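Reviewing the structure listed below.
The values are calculated or read from the model by the stated rules, or taken from the named source; none is laboratory data. Everything quoted here is computed from the prediction, not taken from an experiment. Neighbour counts run over all protein chains shown; Cβ positions are idealised from the backbone, glycine included.
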Amino acid sequence: MALKKECPECKYRNSVSLRRCAGCGASLVSQGVVYWVDVWVGGRRIRERVGPSREAAAARELKLKQEKARAKVMGVREFAMSYRLEDLWPRYATWCKIHNRDFKGKKSRWVNRLKPFFGKKTLNQITRRLVETYRNRRLSEGARPASVNREVSLLRHMLRMAVEWGVPRPQSPGRPGKPAGGKRRPLAVPHGGGIRKA
């Protein structure tokens, strides 16, 4: 667990003990320095921008350490092995009705796309590889990349809200292989020829 200082010039995150930026050499004692918290909680890395107050950053780091200790006591992995994504939907749907404009679209994506594929999966079974498998399957079915990105974005937001609500999960699926501009990039061919057969 660590506190970091962000350089106001190059945005590089430095150790709090440094007086000059390791990236550009700018002074880190001036105004404009922003503190970050960089910790691992429940098997996932949390990097949060706190602000210009070192005391506030230290308080946030302490809170995350307490959450980490509580997660160990609760048995994060056992809980994540029994909690299914479809168990999360009712609470998430209630939250969306209050806070989101596009609840109908999210409900449609959940019912028609995400629930059939991810609904019965427990939280620890949702991995980057599984999300990539889902993405590839949807694209091969002829879905537009923008539609697939919205579906994966909904999944990620559900998992983020679960963590915020105290439902721990051991790993984050992230955003693997997101198509840039709707296109998949081909494999790079090494110098001197094509792909060899095994």
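Things worth noting here:
- When we screen R160, R150, R129 for residues that are at pLDDT below 90 and either at negative phi or assigned to a helix (DSSP H, G or I) (or both), the only hit is R160.
- Which listed residue, of W36, W40, is at pLDDT 85 or above, in the same structural domain as L64 (by TED's automatic domain parsing) and under 24 Å from Q66 (Cβ atoms): W36
- Pairs meeting the criteria (first residue in segment 142-159 and over 21 Å from E86 (Cβ atoms), second residue of a type outside the set (K, R), beta carbons under 6 Å, at least 6 apart or on different chains) are P145/P179; P145/G182.
- So S17, is it more than 19 Å from L123 (Cα to Cα) and modelled with pLDDT of 80 or more: yes
- Selection within segment 51-63 - farther than 11 Å from K5 by Cβ and touching a strand residue (DSSP E or B) at 6+ places or on another chain (Cβ under 8 Å): G51, S53, A56, A58, R60, E61
- Remark: pairs (first residue in segment 81-101, more than 24 Å from T127 (Cβ to Cβ); second residue assigned to a helix (DSSP H, G or I) and not polar (S, T, N, Q); Cβ separation under 6 Å; 6+ apart in sequence or on different chains) = C96/F103; C96/K106; K97/F103.
- Segment 95-119: number of residues that are among the polar types (S, T, N, Q) and loosely packed, with under 11 Cβ neighbours inside 10 Å: 1
- Failed item in (1) touching an Asp or Glu at 6+ places or on another chain (Cβ under 6 Å); (2) surrounded by 13 or more Cβ atoms within 10 Å (Cβ to Cβ), with A2 passing the rest: (2)
- Count of segment 81-107 residues, restricted to those that are closer than 21 Å to E132 by Cα, of a type outside the set (A, V, I, L, M) and assigned to a helix (DSSP H, G or I), is 2.
- Within the set Y35, Y12, the sole residue that is of a type in the set (S, T, Y) and closer than 30 Å to T127 by Cα turns out to be Y12.
- Residues of segment 19-51 that are part of a loop (DSSP other than H, G, I, E, B) and either touching a residue at least 12 places away in the same chain (Cβ under 8 Å) or touching a Gly at 6+ places or on another chain (Cβ under 6 Å) (or both): C21, G23, C24, A26, L28, S30, Q31, G32, V33, G42, G43.
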